[in-house]
Every structure is written in structure tokens, then in C-alpha cells.
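Input: a single structure, listed below in C-alpha cells.
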Amino acid sequence: MIFETHAHYDDERFDGTREEILSSLPSNGVGTVINVGSDVPSSEFSIELAEKYSYVYAAVGVHPHAAENMTEADLERIRILSRHEKAVAIGEIGLDYYYDLDFKDIQQYWFTRQLELAAEENLPIIIHSRDAAKDTFDLISNSRVRSGVIHAYSGSLEMAKDYINMGFYIGVGGVVTFKNAKKLIEVVKNIPIESILLETDSPYLSPEPVRGTCNNSQNIKYIVQKISEIKQISPDFIVETTRKNAERLFDKKKVVA
């Protein structure tokens with residue numbers, strides 16, 4: 001069964017179809033899903049989904065897009081949510097300089113505070129990094145957290161290896177199926193399958209051949225097939241190995257260096 005490590009079923013695009021999709025996942029080969037928060041309300045929703053479905057777990061955190069308005073009260077709420085029995089990570093946290101550079105300092109501040117929270121609560125992290133590769137890596141390196149996944153990885157092969165050496169996994173989703181994904185394909189080809197996690201980022205980043213539609217975890221099969229082609233190993237081996245990878249990471253183990 002596939003372990004889907006990153007989805008956003010709290011997104012309003014699933015209003016009206018959420019229950020149908022989530023209920024059908026086990027019969028479509030998806031055995032576990034982590035629903036990932038991006039602010040306090042979506043983190044709370046992730047916990048609600050985890051309470052409703054036995055195979056859904058939650059990550060809680062504040063995405064860099066929401067960092068501008070983050071408060072100490074938000075951080076404490078994330079801390080409380082992180083102690084829920086089905087909360088398995090702090091995320092989605094990180095840096096995003098793509099749209100606006102005016103709030104870099106604020107993003108870095110709250111990213112650092114959430115890294116500290118993850119260390120204090122002994123939880124792995126789910127990292128968002130866009131156009132901020134060096135700052136993201138440096139802040140993680142300077143933190144005490146040594147366990148997590150770099151979601152929707154878009155960096156260099158060299159940095160991927162550095163992350164792996166530091167104890168992190170590389171999240172691979174629909175982008176690997178895109179025609180312009182040469183850099184990610186190089187990464188997937190040259191890192192061990194034991195360092196890869198499967199994800200969709202639903203409802204975003206739908207893979208080929210369903211690109212442009214509302215993504216959901218059933219489409220992870222296309223990602224598996226592409227990784228199989230790149231690495232010349234069987235889809236079944238990819239599913240089994242990445243499931244074991246995810247189970248190792250998201251088991252609330254001690255993650256402080």
C-alpha cells in the first residue's frame with residue numbers, strides 16, 4: 001500500500017468531494033495519508049481528518065505564505081496540536097521568496113521558531129522551500145532538528161545529498177513527470193530509493209497525464225511509474241520501500257541531534 005506523505009484535503013477545492021475521495025483511497029492502493037497544515041485553521045482541520053479516518057495522520061504548522069501575520073498565540077496553538085496522538089510532524093514550514101522579498105526576515109523568524117518547536121516536541125519537519133534554497137538549508141543546519149522531508153524538492157543534486165547526509169528525505173511528487181523536470185529527474189536517478197518519499201501535494205501539482213486537474217492521492221501511481229522508469233526498479237519495490245521510509249520518519253521518534 002502506498003504511503004502518501006503530503007496532501008491538503010482541507011483545501012476548499014475538495015468541498016463536496018472530500019469524503020468520497022478519502023473513503024476510496026484504501027481500495028485504490030493508498031494505505032496512509034498525511035494531511036499537512038499551512039496555518040492554524042488548516043492544521044486544526046488536519047487533526048479533525050486524522051480523527052475521522054484511521055489511515056489519515058496530521059502535520060501541523062504555518063506555511064511561509066502565512067508567516068507575515070503569525071503570532072505567539074499561533075505558535076502555542078501549533079504546539080498544542082502537535083501533541084495530538086495522530087500529529088506526526090511540524091509542517092508545512094519553511095521559506096518562500098518567489099512572490100515577495102519584503103518579508104524575508106519575518107519568514108526566517110517564524111521558520112526558526114517552528115524549528116525550535118519541532119526540536120522541543122521531538123517531531124520531524126516537513127519543509128517548503130521555493131527560491132530560498134541556501135537560506136532554508138542554513139537555517140535547518142543551524143537548528144537541532146535532524147529528521148524530516150524536503151517537500152516538492154527542487155534543488156540541486158549536491159544539496160539533496162547534503163540533506164540526506166543530515167538525516168532528511170527527499171519528497172518527490174508530480175513534478176517528476178513534467179517534461180521540463182530534468183533537474184529533479186537527475187536527483188531521483190542519483191539518490192537512493194531509501195531516501196525518497198512519495199507525495200502528491202493534492203490538490204496541487206497533478207502529474208502527467210492528468211496535469212491541470214484537481215490532484216488527489218490516487219494519482220500517486222503516475223509518480224511511482226515515472227520513478228520506476230528513471231531508476232529501472234519495479235513499481236512494487238518503490239511502493240514498499242517508500243512506505244518503509246515514511247514509517248521510519250513519521251513515528252514520533254526522537255529527532256533532536
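A few comments on the model shown:
- Yes/no for ALA160 being part of a loop (DSSP other than H, G, I, E, B), under 17 Å from the mean Cα position of the chain (by Cα) and surrounded by 15 or more Cβ atoms within 10 Å (Cβ to Cβ): no
- In the set (1) at pLDDT below 95; (2) under 13 Å from the mean Cα position of the chain (by Cα); (3) not basic (Lys, Arg), TYR98 fails one condition alone, (2).
- Test for GLY61: is it surrounded by 15 or more Cβ atoms within 10 Å (Cβ to Cβ) and within 30 Å of ASP236 (Cα to Cα): no
The values are calculated or read from the model by the stated rules, or taken from the named source; none is laboratory data. Note that the structure is predicted; figures quoted are calculated from it, not measured. Cβ: placed from backbone, ideal geometry, glycine included. Neighbour counts: every protein chain shown.
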